[in-house]
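Below is one structure, written out as C-alpha cells; comments come after it.
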Amino acid sequence: MQNCNRRYAPASMEKSYRTRSDHFFELHKIIQILFDWDDAHLHGFHIPSDDIVIDDEGGFDPWGNHYNDFDTNIDFFFKNYKWIRYIYDFGDDWRHKINIEKYESDYEERSPKLVKI
C-alpha cells in the first residue's frame with residue numbers, strides 16, 4: 001500500500017501485505033491494524049477509473065457504482081483492477097493507493113499474511 005498523502009502519515013508507515021479477505025470491511029480492519037489506528041473516522045474504497053465507491057453507506061445507486069463494504073467481496077475487484085484507493089478520515093482525507101501486484105486464485109488461507117514492513 002502506498003501512502004499518497006505524506007503530509008498526514010509519514011513514509012515510515014508504508015506497509016505491504018497480501019490478503020485473501022472476503023469483504024472490503026475486513027480489508028479496512030486489516031489496514032486499521034497495520035497502521036495502528038483506532039477506527040475512529042469514516043473510510044471508503046474508491047476505484048476512480050470506473051467511478052466506483054465502496055464504503056459503509058452503500059446506498060442505492062441507479063448506475064450500480066456504490067457498494068457496501070460489509071457485503072462486497074474483494075475478489076472481483078482484485079482480479080480486475082490494478083489499484084484501489086483507500087481513504088480514511090474524510091476530514092483530513094488520508095489517501096492510500098493499494099496496488100494489486102498479484103492475485104493468487106489458489107491462495108486458500110482466509111487470513112492476511114504480512115509480506116513486508
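Here are the numbers for the structure shown:
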read-out: Difference of contour (0.36 nm per residue) and Cα-Cα distance, ASN99 to LYS82; value: 5.5 nm
read-out: Other-chain or far-sequence residues with amide H under 5 Å of THR72's (modelled H); value: PHE24, PHE25
read-out: In nm, spacing of pseudo-spin labels at ASN68 and ILE30 (7 Å Cα→C-beta vector); value: 2.2
read-out: For TYR103, distant residues with modelled amide H under 5 Å away; value: none
read-out: Distant-in-sequence amide H partners of ILE52 (H built 1.01 Å from N, under 5 Å); value: ILE47
read-out: Anchor LYS82: aspartates and glutamates whose Cα lies under 20 Å away (excluding residues fewer than 8 positions away in-chain); value: GLU14, ASP22, GLU26, ASP50, ASP51, ASP55, ASP69, GLU101, GLU104, ASP106
read-out: Theoretical gain in end-to-end length, TRP37 to ASP50 [0.36 nm per residue, Cα-Cα removed]; value: 1.8 nm
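FYI, it's all coordinate maths here, none of it is from the lab. None of these values were measured; they are calculated from a predicted model. Using ideal geometry, Cβ is built from the backbone for each residue, glycine included, and neighbour counts are taken over all protein chains shown.
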